[in-house]
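Working notes, structure below.
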Amino acid sequence: MRNKRKWAATVLTTAMSVSVLAACGGGNSSSPGNSSSPSPGQSAAPPEEVANLNESGFPIVNEPINLTFFTGKSATTANNWAETMLWQEYEKMTNIKVDFQLVPFDSVDERKNLALAGGDYPDVFYTGRFSNNDLIKYGSQGTFIPLNDLIEQYAPNLKKILDENPDIRAGMTMPDGNIYGMPTIYSADFPSVLLGSKLWYNKDWLEALGMEEPQTLDDFYNYLVAVKNTDLNGNGQQDEIPLGSYQIADLINITKGWFGLMNRGTANANFDIDPETNELRYIPTSDAFREQLEFLNKLYTEGLLENEIFTITANEYFAKGADGVYGSILTTGPETLMGLTNFVGLPALEGPNGDKLVTKIRSPLVHLGQFVITDKNQHPEATIRWMDHFYGEEGNRMFFMGFEGESFVVNENGEVEYTDEILNNPQGLTMEQAVVKYVTWPGGSYPGIVRQQFFKGAESLPASIEATEKLEPYLIDEIWPTFTFTSEEADRYTTLHSDINTYVTEMQSKFISGAASFSEWDNYVNTINRMGLEDYMAINQAALDRYLQSK
């Protein structure tokens with residue numbers, strides 16, 4: 001097995017470089033955003049603001065200040081964050097009162113675009129889910145201020161991460177050399193969270209069938225067939241579902257490695273390197289992708305794949321899983337989401353052409369635009385100090401675990417654990433339901449860093465760690481972060497990507513379901529070519545070239 005620390009270091013030192021450009025910011029004093037004078041879109045702090053600021057320790061400011069945050073909200077967090085212990089206590093620690101203007105995630109894009117178009121936007125967009133193209137667009141306009149100098153001077157925790165991992169800094173840097181957002185980072189020492197959802201199989205059913213753990217695609221197929229043809233739940237009905245999932249895109253991605261596809265990770269899921277030519281490859285038009293879709297179509301038409309996979313909701317899927325009808329499932333954690341303890345992780349499978357790769361893995365640099373400071377903010381130094389605390393160990397523990405004696409305890413091994421009130425709630429609440437009066441991480445999309453010792457979601461459970469250890473020897477070595485484009489490239493890219501990706505998504509579902517015959521494959525490829533694939537590839541090639549130049 002590959003040494004885990006070596007792999008983690010490899011990921012962290014290679015994964016972020018793709019968006020680095022020749023004008024990269026950071027330690028170069030001549031680069032944009034690193035001069036001693038104010039950067040474009042950023043005003044020098046008035047003397048009274050600097051005088052009120054403490055450059056280290058708490059409180060952050062001596063006299064209280066108020067900030068307004070446009071805040072994306074998951075349905076699983078509290079409806080009023082002012083009543084959450086995390087933010088109540090942090091206000092006392094910092095002397096900074098934040099007005100969290102909560103916006104449901106399903107309307108975040110519409111609301112933030114309206115605010116920006118109308119000029120009525122806040123001091124900060126927190127969990128605003130801005131794309132890389134958004135960052136360069138609004139950054140170049142001066143609406144989002146550059147953070148390079150602020151990070152260097154006022155964000156010691158994030159600066160330490162960037163200094164130790166310069167490729168993270170490179171990945172955060174836009175084509176103009178500026179950093180416009182504080183990101184979500186998944187620790188490279190936490191591969192379970194980088195992998196996210198995994199495939200699991202019912203170990204009791206496998207044993208009842210007298211079969212060995214699958215090692216090849218054929219082994220797995222044979223297991224699925226056996227599940228379909230056997231009354232393994234003993235209810236006298238043929239209601240077993242061999243393979244369950246509620247996201248067809250996730251199933252496509254997790255099976256790509258069996259066909260040698262997506263060998264640079266999921267950030268640019270339709271692009272990788274063709275091992276035969278060593279050139280950029282558009283996966284959806286490749287022969288290997290057709291072979292993958294033919295396999296998934298075989299599962300679907302033979303009744304081995306969840307028949308409702310194109311329409312089933314997450315809650316419906318989890319309810320089915322809890323009823324014990326699945327032989328294998330795709331999910332982050334069977335125990336937390338379905339109450340299943342008899343499922344174990346499926347190992348990496350060898351595909352029909354000898355490929356045995358785990359390629360559905362995220363870049364540690366997950367989201368760049370999760371904490372953005374606007375030009376209306378009169379306290380940027382204090383604001384960046386407010387956010388930086390959560391990149392450090394103390395703030396990271398507070399963000400995920402809350403407060404000792406209230407929401408967590410330290411066990412005999414020195415590890416933090418949620419209290420019994422949260423883990424075994426007397427009102428019957430789930431862990432995530434019970435924890436929301438203390439913290440606001442459930443639902444995701446927060447800025448900061450995710451470390452295994454403090455994150456207690458499904459990816460941290462022993463079963464998930466064990467499942468990850470099975471997959472680690474077959475993880476790809478190089479992982480790209482999301483490509484970053486210049487303003488000129490972004491305009492053309494947005495149109496091409498929307499049109500081509502919509503068509504590809506529609507057709508891959510049709511091929512899997514049988515609504516489209518594989519005799520239509522050549523027409524499908526030709527249609528993509530006519531939609532502007534050559535230009536689309538050229539734009540992505542330019543981003544890749546910048547990555548190669550930065551190595």
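What follows is calculated from the coordinates using simple rules that are stated; it is not laboratory data. The structure displayed is predicted, hence computed values, not measured ones. Here Cβ is always computed from backbone atoms with ideal geometry, including for glycine, and neighbour counts include all displayed protein chains.
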Check: Among Lys198/Lys298; Lys97/Lys159; Lys256/Lys298, which pairs are too far apart, with a Cα-Cα distance over 23 Å?
Finding: Lys97/Lys159
Next item on the list: Using a 10 Å cut-off on Cβ atoms, rank the peptides 201-208, 231-238 from the highest mean neighbour count down.
Entry: 201-208, 231-238
Checklist line | Rounded to whole Hz, the Karplus (6.51, -1.76, 1.60) HN-Hα couplings of segment 96-104, x for glycine and proline | finding: 10, 9, 9, 8, 7, 8, 7, 10, x
Item checked: Approximate spin-label separation Met211-Glu469, in nm, with each point projected 7 Å along Cα-to-Cβ -> 2.5
Check: Using 7 Å Cα-to-Cβ label points, what is the Arg129/Asp274 separation (nm, one decimal)?
Finding: 3.5
Margin query: Cβ neighbours within 10 Å, averaged per peptide: list 278-286, 415-423 in order, most packed at the top.
Written below: 278-286, 415-423
Note to self: Using square roots of five times the C-alpha gyration tensor eigenvalues, list the equivalent-ellipsoid semi-axes of the chain in whole Å, biggest first.
What the structure shows: 40, 30, 20
Notebook entry, point to check: Ranked highest first by the average count of other Cβ atoms within 10 Å around their residues, in what order do 115-128, 356-369 fall?
Noted result: 356-369, 115-128
Note to self: Going by Cα centres, segment 515-551 and segment 380-428 are how many Å apart?
What the structure shows: 45
Next item on the list: Round to the nearest 0.05 the FRET efficiency obtained for Ala117 and Glu164 when R0 = 56 Å and r is the Cβ-Cβ distance.
Entry: 0.90
Margin query: Helix check for the chain. Which DSSP H runs span at least 27 Å along their own axis by Cα, with a mean Kyte-Doolittle hydropathy no less than -1.0?
Written below: 487-513
Next item on the list: Using only alpha carbon positions, build the gyration tensor of segment 323-406, then give the equivalent ellipsoid semi-axes as the square roots of 5 times its eigenvalues, largest first, whole angstrom.
Entry: 40, 22, 12
Margin query: With n ≥ 4 as the cut-off for DSSP H runs, can you work out [θ] at 222 nm for the chain, using -39500 (n - 2.57) per run divided by the number of residues, rounded to the nearest 500?
Written below: -12000 deg cm²/dmol
Next item on the list: Estimate the FRET efficiency between Val525 and Asn62 by the formula 1/(1 + (r/R0)^6), using the beta-carbon distance for r and 56 Å for R0, to the nearest 0.05.
Entry: 0.30
Next item on the list: Convert each backbone phi in segment 272-284 into a coupling constant with the Karplus relation 6.51 cos²θ - 1.76 cosθ + 1.60 (shift: θ = phi - 60°), then list the ³J(HN,Hα) values in order as whole Hz, x for Gly and Pro.
Entry: 7, 9, 6, x, 7, 10, 6, 10, 4, 10, 8, 4, x
Next item on the list: In nm, give the distance between the simple-model label positions of Asp545 and Glu83, each being 7 Å from the Cα along the Cα-to-Cβ direction.
Entry: 5.7
Next item on the list: Can you tell me the FRET efficiency between Asn315 and Ala51 if r is taken as the Cβ-Cβ distance and R0 is 45 Å, rounded to the nearest 0.05?
Entry: 0.25
